[in-house]
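Trainee: Below you'll find the structure I mean.
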Amino acid sequence: MGSSYKSAAFLIESRLAEAARGDADACFDLGIAYSSGAGGLDVDLIEAHKWFNLSALSGSSRAAECRAEVAEDMTAREIAEAQRQARAWLNATQRRAA
C-alpha cells in the first residue's frame, strides 16, 4: 500500500508541475488519474472534470469528450464546483506566470 501511495504522489507532483506550465497533456493525464483511480488515487469526479476542462480549454478534443462522460455521473452542484476549481487554478497559475 505504501508504494501505491508513493506512485500516486509522484504522478500528481510531476504532472501538476507540467500542468502549471500550461501542458494540456499533463492536465489530461490528471483527469484520467482522478476519473479512474490510477496510481492508487481515490476516484474524484470533481477533480477529474476540473483537469479535463483545463485540458479542453487548451484545445484537447479527447479531454472535452472525457469531461462530458464524467459529467454524466455528476450533479449540477459538483460540475459547478469543478468549474469553480478550474477557474481558480487558471487564476493562480496565470498570476505566477506574470
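Trainee: For Leu16 and Arg84 in one chain, what is 0.36 nm times their gap in residues minus the Cα-Cα distance, to one decimal in nm?
Mentor: Here the answer is 22.7 nm.
Trainee: Which whole-Hz ³J(HN,Hα) couplings does the stretch 20-27 yield from phi under the Karplus relation 6.51 cos²θ - 1.76 cosθ + 1.60, θ = phi - 60°, glycine and proline marked x?
Mentor: 5, 8, x, 6, 5, 5, 5, 4
Trainee: Could I ask something else about it? Would you please classify the overall shape of the chain from the alpha carbon gyration tensor, given that a ≥ b ≥ c denote the square roots of the eigenvalues, rounded means a/c under 1.5, and beyond that prolate means a/b larger than b/c while oblate covers the rest?
Mentor: oblate
Trainee: Full-extension gain between Asp73 and Ser58, please, as 0.36 nm times their residue separation minus the C-alpha to C-alpha distance.
Mentor: Stretched out fully, the Asp73 to Ser58 stretch lengthens by 3.0 nm.
Just so you know, all these numbers are worked out from the coordinates, no wet-lab data involved. As the structure is a computational prediction, the values presented were derived from the model and not from experiment.
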